[in-house]
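A short worksheet on the structure shown next.
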Amino acid sequence: MENQEATTRGIWGSKVAFIFAATGSAIGLGNIWRFPTVVSQNGGAVFVLVYILAVAFIGFTVMLAELTLGRHSQRNPVGAIDHIKPGSPWKFIGYLGILTGVFILSFYAVVAGWAAGYVFKAVSGAFQGELTAEMSNQIFTDFSSDPLQVFIFFALMMGLTIFIISKGVKKGIEKWTKILMPALFLLIVLLAVRALTLPGAGQGLSFYLNPDFSKLNGTVILFAVGQAFFSLSLGMGTMITYGSYISKSDNLVSSAGWVSFADTFVALLAGLIIFPTLVSFGQPVDVGGEGLAFQIFPLILSKLPGGYIFGILFFTLLTVAALTSTISLLEVPVSYLVDEKNWSRKKAVWVIGIFTFILGIPSALSTGAVEFFTKIKFLGFIAFAFGNISLAVGALFICVFVGYIWGWKKAIKEIASGNPRFRLRFIWVFSLMFLTPIAILFILYFIKTLRG
Ligand code: TRP
């Protein structure tokens with residue numbers, strides 16, 4: 001088994017190994033940092049509702065399309081498309097994905113660095129004692145506006161990502177996720193239970209779970225669908241690449257279902273922690289900024305017996321969850337250069353890694369360190385442009401490609417390997433060919449409703 005990796009591109013050890021790796025890619029800062037922020041800024045419960053619908057009908061569709069395309073062609077996104085339509089311009093979907101992934105990684109690794117930095121803060125006892133919201137906000141401001149600290153941890157996260165990816169798929173990725181993801185999950189459940197028993201929890205819950213439909217508008221839908229793609233790692237080829245390592249006997253439908261479910265569950269739990277805690281500490285629920293999660297988790301940890309240890313554990317696990325996502329982001333351009341351009345893995349990893357680091361510098365400086373980047377909200381802008389719009393465009397083209405160009409019949413045939421019955425096929429094909437593309441065109445139209 002071991003030398004399989006040296007000779008071929010490698011394959012997941014088992015279906016479970018794939019699910020852990022794909023779940024590891026999906027679950028990350030998107031769930032714990034980004035989700036609560038976008039919920040807070042986009043009307044609360046009504047956003048949550050649209051989000052769940054977006055995952056179920058759009059996200060799942062795209063996830064299955066990507067996995068199918070990947071497994072069929074056993075290639076990276078560019079190679080996958082070229083394999084099916086040799087020499088056609090459709091390859092640009094793959095290039096767009098690679099570009100998008102590099103930009104996402106550039107800011108994602110910065111935020112992952114915040115998580116790593118917070119491990120050290122937790123160790124130093126910064127979240128001990130009677131922590132107030134003002135104190136916690138100050139800790140975040142001091143940290144995120146200090147270029148030295150931000151850079152050290154940004155570089156650390158990029159370095160770790162480079163290190164893991166350069167070691168190859170199987171050894172690199174599988175090892176991390178199996179124990180640490182379940183641990184993170186348990187800890188989040190514990191924090192949610194504590195948050196729900198805080199005074200004022202009910203009011204926070206009401207913002208989070210009781211929809212106010214007057215707040216529903218195009219922006220809410222645009223952000224909800226974009227967040228679904230971002231959180232599920234869709235629209236740029238991650239799941240094409242991960243799918244390319246799945247064995248022909250595995251069931252793609254249940255894999256896609258499980259990954260979507262687990263990812264959504266964790267995001268929803270993160271909200272159950274953030275909103276009750278906000279209210280309980282006298283903070284407004286609807287003005288979350290990029291620092292929201294980093295300001296709020298220390299507060300709930302300070303309310304937990306053994307909060308010192310749990311705090312260290314939480315930020316460590318969050319860092320690991322972020323790492324399993326950063327490696328999935330870097331794996332896409334790397335597998336492209338290795339498969340298509342015959343680069344050595346090592347060279348590809350270092351070239352892309354260093355390029356991404358440079359690209360991330362303005363994001364790293366945009367939370368207070370440099371006024372210009374802070375003012376234009378550089379990190380938030382890149383997160384929106386690439387982590388939302390660009391993914392939606394990518395997902396649109398993936399659906400069109402799988403549904404119309406490759407052809408849904410061939411896709412179904414691929415899915416049938418490992419799932420001969422595929423009961424959801426009518427719904428899936430309908431969503432792939434009509435519902436999802438139309439929904440994406442619809443949300444892209446709403447870009448014009450955004451202010452400035
Ligand atoms: N889904 C991850 C998260 O929520 C981030 C991520 C990893 C991602 N790979 C991706 C997002 C590919 C979009 C595309 O943290």
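Things to note:
- Inside the stretch 384-429, residues that are polar (S, T, N, Q) and over 25 Å from PHE103 (Cα atoms) make up a count of 2.
- Of the residues in the stretch 154-164, not one is assigned to a helix (DSSP H, G or I) and more than 24 Å from LYS175 (Cα to Cα).
- Unique residue being under 20 Å from the mean Cα position of the chain (by Cα), touching a residue at least 60 places away in the same chain (Cβ under 8 Å) and more than 30 Å from CYS399 (Cβ to Cβ) when the list is VAL150, VAL189, VAL225: VAL189
- Members of the stretch 140-166 that are buried (at least 18 other Cβ atoms within 10 Å of the Cβ) and more than 30 Å from GLU331 (Cα to Cα): PHE140
- The one condition in (1) touching a Gly at 6+ places or on another chain (Cβ under 8 Å); (2) modelled with pLDDT under 95; (3) open to solvent by 10 Å² or more (accessible area, probe 1.4 Å) that TYR308 fails to fulfil: (2)
- Any hit, the stretch 124-139, residues being over 25 Å from ILE274 (Cα atoms), open to solvent by 30 Å² or more (accessible area, probe 1.4 Å) and more than 23 Å from the chain's Cα centre (by Cα): no
- Selection status of VAL332, buried (at least 16 other Cβ atoms within 10 Å of the Cβ), closer than 30 Å to LEU191 by Cα, within 13 Å of the ligand (Cβ to nearest atom) and at pLDDT below 95: no
- Whether a residue is closer than 30 Å to PHE401 by Cα and either assigned to a helix (DSSP H, G or I) or within 16 Å of the ligand (Cβ to nearest atom) (or both) was assessed, and LEU313 does not pass this test.
- Count of residues meeting criterion [over 15 Å from LEU329 (Cα atoms) and open to solvent by 10 Å² or more (accessible area, probe 1.4 Å)] in the stretch 226-256: 7
The values are calculated or read from the model by the stated rules, or taken from the named source; none is laboratory data. In this text the structure is predicted, and so the values were computed from the model without any measurement. Ideal geometry is used to build each Cβ from the backbone, glycine not excepted, and the neighbour counts take in all protein chains shown. Quick note on the areas: whole protein, heavy atoms, side chains included, nothing else; ligands and nucleic acids left out. Shrake-Rupley method; radii C 1.70, N 1.55, O 1.52, S 1.80 Å.
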